[in-house]
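Colleague: Have a look at this one before I ask anything.
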Amino acid sequence: MAEIAPSTVVLQVSDLAVEFPTRQRNRTVKAVNGVSFDVYAGETFGVIGESGSGKTTLGRALVSLIAPTRGRLLLGGVDPATLGKAALRKHRRDFQIMFQDPNAALNPRMRIIDSVMEPLEVAGHRDRAMNRTSALQAMARVGLPAEFAQRYPHQLSGGQKQRVIIARTLTLRPRLIVCDEVVAALDVSIRGEVLNLFADLQREFGLAYVFITHDLSVVSHISDRIAVMYLGCLMELGPADALAEHPLHPYTQALLSAEPIPMPPSMRRQEPIELKGEIPSPVDPPSGCAFRTRCAFATEICAAVRPVWEEHLPGHWVACHHPLARTLDR
Ligand SMILES: Nc1ncnc2c1ncn2[C@@H]1O[C@H](COP(=O)(O)OP(=O)(O)OP(=O)(O)O)[C@@H](O)[C@H]1O
Ligand SMILES: [Mg+2]
């Protein structure tokens, strides 16, 4: 990973929280519960965590699809909450999101070319001929032949549909794309191709990705930095290598040790650590450390005090009262 100057921060998140109402009054789902991090231009910022840990909710909040309940979000130095409707719409173009299911994102009755042009039209670009040219260029860039322009989504494979979504997003020239499980639905054989395409586009356009997945082998492969989420909180954040080779949080270590064989040797732990029990409800998260009910190292303080989110080693953050020590031979 190249050294990144602080001036190239594209996204700043501090103490961000998103709560959803429940049927019971005064009780909320704490889907995102106070997270802080920055994302730099041109980097891939991986987010991992079990199902229900709040990854999608975080991703939606990052691109202003949901308003945060608490905390602050700066996109390119601007707080979207301070913008009026028109300015927000313009601002949003720079910060896009892509989801797992390309079928849900494509209108089955629209030809591919029209789907790819649509974001430009919505953004107010009126010149249809120019939009068409931009759309065809974007399609070529993601490896879709021009003859696909006249086809409908059902005439494309899953990987091709995902390329259409990427082309659609690219026409807007965003600075950051939140990718939420974007390769999860794809066949393993084409997953690599689509991931390589993401990497090429990043180099070409200086794009930043927030890459959400629960597939550790994907995230470790493509991320510059990785954040580990659990029950709405960040447990650990660090350079991908450091986090995989010397995890500081017991939860990270448990996630890594649960990973089946195709991990790089450096990421395999000698002794598997089992996660005890089920993930608690985000309506009623544990006091203190969210992970303590499943942690082998938990003590009294873990129930009493929420651990501070601190930079334990340069660039390597952790929220834990008992972070794992790095062994001397490393
Ligand atoms: N609109 C909503 N209303 C109420 N609760 C919600 C809503 N959206 C998400 N939740 C809850 O918030 C929590 C976090 O959900 P989220 O979809 O962000 O998790 P996730 O990490 O993306 O999970 P997965 O890996 O399964 O996609 C879950 O408990 C979920 O049930
Ligand atoms: Mg999700």
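Colleague: What are the equivalent ellipsoid semi-axes of segment 132-176, built from the alpha-carbon gyration tensor (square roots of five times its eigenvalues), in whole angstrom, biggest first?
Modeller: 17, 12, 8
Colleague: Let me ask another. How long are the semi-axes of the ellipsoid equivalent to the chain, from square roots of 5 times the Cα gyration tensor eigenvalues, in whole Å, largest first?
Modeller: Three semi-axes, in Å: 36, 23, 18.
Colleague: One quarter of the convex hull surface, Cα atoms only: what value does that give for segment 103-173 in nm²?
Modeller: 4.2 nm²
Colleague: Let me ask something else. In whole Å, what is the distance between the alpha-carbon centres of segment 215-253 and segment 75-151?
Modeller: Using only Cα atoms, the two centres lie 31 Å from each other.
Colleague: Please go through segment 18-112 and write out the trypsin sites (Lys or Arg not before Pro) that DSSP classes as loop and that have at most 13 other C-beta atoms within 10 Å.
Modeller: R23, R25, R27, R109
Colleague: Moving on to the next point. Do you know the relative contact order of the chain, to the nearest whole percent, from alpha carbon pairs under 8 angstrom that are 6+ apart?
Modeller: Once normalised by length, the contact order is 20 percent.
Colleague: Could you give the accessible area per residue of the chain, probe 1.4 Å, as a whole number in Å²?
Modeller: 49 Å²
Colleague: Between A325 and D15, what FRET efficiency follows from the Cβ-Cβ distance if R0 is 41 Å, with the result rounded to 0.05?
Modeller: So, using R0 = 41 Å, E works out to roughly 0.90.
Colleague: Still on this structure: Which is the longest part of the chain that has none of the GluC sites (Glu not before Pro) sitting in a DSSP loop with at most 11 other Cβ atoms within 10 Å?
Modeller: Here the longest segment lacking exposed loop sites spans 4-273.
Colleague: Another one. At 222 nm, what helix-only mean residue ellipticity would the chain give, in deg cm²/dmol to the nearest 500, using -39500 (n - 2.57) for each DSSP H run of four or more?
Modeller: After summing the helix terms and dividing by residue count, I get -9000 deg cm²/dmol.
Colleague: Name the residue from P153, Y251, N33 whose Cα lies farthest towards the positive end of the charge dipole of the chain, charges +1 on Cβ of Lys and Arg and -1 on Cβ of Asp and Glu.
Modeller: Checking the options against the dipole of the chain, the answer is P153.
Colleague: Over the chain, what percent of the accessible surface lies on carbon and sulfur atoms, probe 1.4 Å?
Modeller: Answer for the chain is 51 percent, counting heavy atoms of protein chains only.
Colleague: Go through segment 13-27 residue by residue and turn each phi into a ³J(HN,Hα) via Karplus (6.51, -1.76, 1.60, θ = phi - 60°); whole Hz please, and just put x for glycine and proline.
Modeller: Working through the residues one at a time gives 10, 10, 6, 6, 9, 10, 10, 10, x, 10, 5, 7, 5, 6, 10 Hz.
The values are calculated or read from the model by the stated rules, or taken from the named source; none is laboratory data. Owing to the predicted nature of the structure, the values given are computational and were not obtained by experimental measurement. Positions of Cβ are generated from backbone atoms using ideal geometry, with glycine treated the same way; all protein chains shown enter the neighbour counts. Ligands, DNA and RNA are excluded from the accessible area calculation, which covers all protein heavy atoms including side chains. Shrake-Rupley method; radii C 1.70, N 1.55, O 1.52, S 1.80 Å.
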